[in-house]
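Student: Sharing a structure below in structure tokens format, with a few things to ask.
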Amino acid sequence: MIDLEHIHRDFRVGDQIVHALDDVSLHIDAGDYVSIMGPSGSGKSTLLNIIGLLDRPTAGTYRLNGRDVTDLSDTEQAEVRNREIGFVFQAFHLVPRLNAFENVELPLILAGVEPAERQRRVREALAAVGLTERAHHKPDQLSGGQRQRVAIARATIMRPNVILADEPTGNLDHRSGGEVIRTLEELNAAGIALIVVTHDPLVGERARRQLHMLDGRLERDLQTHHAPA
Amino acid sequence: MHLHSRDIGHFAWGALRSYPGRTFLMLLAMAIGVAAVIVLTALGEGARRYVVDEFSALGTNLVIVIPGRSETGGLNPSTLMGETPRDLTIADARALTRSVNVRRVAPLNVGQAEVSWGGRSREVVIVGATHEYLAIRHWKLGQGRFLPAAKWEQALPVAVIGSKIRRELFGPRRALGQWLRIGDRRYRVIGILASRGRSIGVDVEDLVIIPVASALQLFNTPSLFRILVEARSREAIAPVKRFIVDTLQRRHQGVKDVTVITQDAVLATFDRILGALTYAVGGIAAISLAVAGILIMNVMLVAVSQRTAEIGLLKALGATRRTISVLILAEAILLSGLGAVGGLLLGLAGNVVIRRILPVLPAQTPLWALLSALMVAIVTGLLFSLLPARRAAALDPVLALSRR
Ligand SMILES: Nc1ncnc2c1ncn2[C@@H]1O[C@H](COP(=O)(O)OP(=O)(O)OP(=O)(O)O)[C@@H](O)[C@H]1O
Ligand SMILES: [Mg+2]
């Protein structure tokens, strides 16, 4: 599903060039469960941003479902992000003035979906993350774990092929972090590919495939075929 | 991927409502700008209409003949004093009736004299006139009759008085039929003017009208003060003017010794000056709209940087650059539109207050000023938010989302 070939991403800082990604080639199958680990500054977020079409590689090609998306226009990339990719961020990134329902509704509004259909789908998505009761709560009236589950509902509302989660449990305590991971794994069990960047080995080891990065390179690629504990 | 315009409006409105204090201040700035345009142009237009009305109250299509030649064609002290080498007579006035373009002629004499009745007396403006005078000046009679349509040369001892004279001399007693003393002569009161209406320079309530021949006797002068000539139509004014000049020149042995002014010319000048003034104050007020526009730009720039993460998020969720621009512009248009409507209401309310306080001034904003105030408000709101919108659209989503 995801095909990265010889991806480079260079940042110019002053007159120095930082190689955030240094010749990364990677294939990820549809429906897979992948964790990305590695020290700070090793390029995990940069890799995730390129997969999510939030950033463009300096060199290399990126194919998504067989289609070369490396050089798509802004509008085309926006459409791919809207329809095929769901994002979950460490900082949740809910719009504070909108309630849970409205936050989940945003991707549908951007896609121009009719209100009646939106109602139905948002209710379903909130029910799936166990937040039906909280639909009309603002983010500041929700706990961190609940906020992240609202964000997950928003990430799934367009029925994407893949969910990209950058340290989804980074701002959460152990218990609600566990709930969030279980919620994401349920989605994965339903067929959506899941890519999780994490510093927490307990979280990372749950994935079927574990990638380790170092200095912008893929250092280790571990496939575990047994079901996670 | 097309947002519904209802969703755009809803989203923009929600964003505005989440900063109520700031939104209110911007609405206020916009509203004050629009209200200023509306009220100031209303004042200018009111002043213009006031002058136009005053002149029409003087009589329509009026041509005024003044004894004495004025080189500039306007008024100067000698023409005002009525100093002239040759008298302007009742016979001259009679001669001016002989044109198809002339509807009415009123020879006029004006002076001051002491008017007394029953032991009370007052110094009053005395107007010597004829039957036609009432119609020419568009005045109304309160009681009795006006001067009879007798021969102009006939010095009848009758008088028509203003309502203030009636009050002050007669009090509660009946004035009609009483004999007034004016100077050393006696006149019978046959009519009382309605107090309605004022004309430039003349207080209808505070004067006494007697036949022009009587006034010439009273003031012991052979010359008229003015001849008022009413043309049949606006188009007839120019031929009437020529007719008057020619007729009087012939009658005065070929000497051009009168000044003929049309109120039309004076009116047109005032109209132009006051019209220009209205544009000017409207333009000055419009500057305050531009100031409001700059304010909107600043606030929208602040809004964009405050909402960087939100904009980055919208991009991650599938908003294109265009969508982001549209959302920011919608916010600005909503803001300036609401401000403009608020200003419209504020300005119209202001006009009502001005009309209450200054009833003589018909303060009414001309439609062009109303529409352009609204247009300018919305266009400045839009123009000045183009930059913030572009800045928002150009935000790098990765940076926008990573900034905490
Ligand atoms: N916008 C940028 N400008 C300059 N350098 C950048 C930029 N973004 C990332 N980098 C650099 O690229 C490298 C990889 O950064 P990245 O954020 O991908 O690391 P990470 O593995 O996600 O680290 P962390 O675990 O701390 O989140 C780092 O050296 C970082 O300093
Ligand atoms: Mg990172």
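The values are calculated or read from the model by the stated rules, or taken from the named source; none is laboratory data. Keep in mind the model is a prediction, meaning the values are calculated, not measured. All Cβ positions, even for glycine, are placed from backbone atoms using ideal geometry, and neighbour counts span all protein chains on display. The accessibility values were calculated without ligands, DNA or RNA, using every heavy atom of the protein model including side chains. Shrake-Rupley method; radii C 1.70, N 1.55, O 1.52, S 1.80 Å.
Student: Would you tally the residues in the stretch B:239-253 being over 14 Å from B:Pro67 (Cβ atoms) and β-branched (Val, Ile, Thr)?
Tutor: Final tally of qualifying residues: 2.
Student: Next question, about the same structure. Are there any pairs with C-beta distances below 9 angstrom linking a residue in the stretch A:42-62 that is under 14 Å from A:Leu26 (Cα atoms) and away from ligand 2 (no atom under 12 Å from the Cβ) to a residue that is part of a strand (DSSP E or B) and of a type in the set (Ser, Thr, Tyr), with the two at least 6 apart or on different chains, and if so which?
Tutor: Pairs that qualify, where the first residue is under 14 Å from A:Leu26 (Cα atoms) and away from ligand 2 (no atom under 12 Å from the Cβ) and the partner is part of a strand (DSSP E or B) and of a type in the set (Ser, Thr, Tyr), are A:Ile50/A:Tyr62; A:Ile51/A:Tyr62; A:Gly60/A:Ser25.
Student: Answer yes or no: is there a residue in the stretch A:196-207 that is open to solvent by less than 50 Å² (accessible area, probe 1.4 Å), within 16 Å of ligand 1 (Cβ to nearest atom) and in contact with a Pro (Cβ under 7 Å, 6 or more places away or on another chain).
Tutor: Yes, that holds for at least one residue.
Student: Could you count how many residues in the stretch B:217-250 are open to solvent by 40 Å² or more (accessible area, probe 1.4 Å), over 19 Å from B:Val100 (Cβ atoms) and either within 36 Å of the chain's Cα centre (by Cα) or not β-branched (Val, Ile, Thr) (or both)?
Tutor: 6
Student: Given the residues B:Ala393, B:Ala363, B:Ala400, which is the only one that is within 16 Å of ligand 1 (Cβ to nearest atom) and out of contact with any strand residue (DSSP E or B) (no Cβ under 7 Å at 6 or more places or on another chain)?
Tutor: B:Ala400
Student: Take the residues in the stretch A:105-119 that are of a type in the set (Asp, Glu) and free of Cβ contacts under 8 Å to residues at least 24 places away in the same chain, then tell me which one is farthest from the other protein chains (Cβ to nearest Cβ).
Tutor: Result: A:Glu117.
Student: I've got another one for you. Going by the conditions given, is B:Gln364 open to solvent by 30 Å² or more (accessible area, probe 1.4 Å), more than 23 Å from the chain's Cα centre (by Cα) and either within 14 Å of chain A (Cβ to nearest Cβ) or at pLDDT below 90 (or both)?
Tutor: No, not satisfied.
Student: Go through the stretch A:1-41 and count every residue that is within 16 Å of ligand 2 (Cβ to nearest atom) and under 16 Å from A:Phe87 (Cα atoms).
Tutor: 3
Student: Let me confirm something: among A:Gly43, A:Gly38, which residue is more than 12 Å from chain B (Cβ to nearest Cβ), within 15 Å of ligand 1 (Cβ to nearest atom), in contact with a helix residue (DSSP H, G or I) (Cβ under 8 Å, 6 or more places away or on another chain) and over 21 Å from A:Pro160 (Cα atoms)?
Tutor: Being more than 12 Å from chain B (Cβ to nearest Cβ), within 15 Å of ligand 1 (Cβ to nearest atom), in contact with a helix residue (DSSP H, G or I) (Cβ under 8 Å, 6 or more places away or on another chain) and over 21 Å from A:Pro160 (Cα atoms) holds for just one of A:Gly43, A:Gly38, which is A:Gly38.
Student: While we're here: I need every pair where a residue in the stretch B:312-325 that is facing chain A (nearest Cβ under 7 Å) has its Cβ under 8 Å from the Cβ of a residue that is among the aromatic types (Phe, Trp, Tyr) and outside any loop (DSSP other than H, G, I, E, B), sequence separation at least 6 or different chains.
Tutor: Here the result reads B:Ala316/A:Phe87; B:Leu317/A:Phe87, each pair linking the stretch B:312-325 to a residue that is among the aromatic types (Phe, Trp, Tyr) and outside any loop (DSSP other than H, G, I, E, B).
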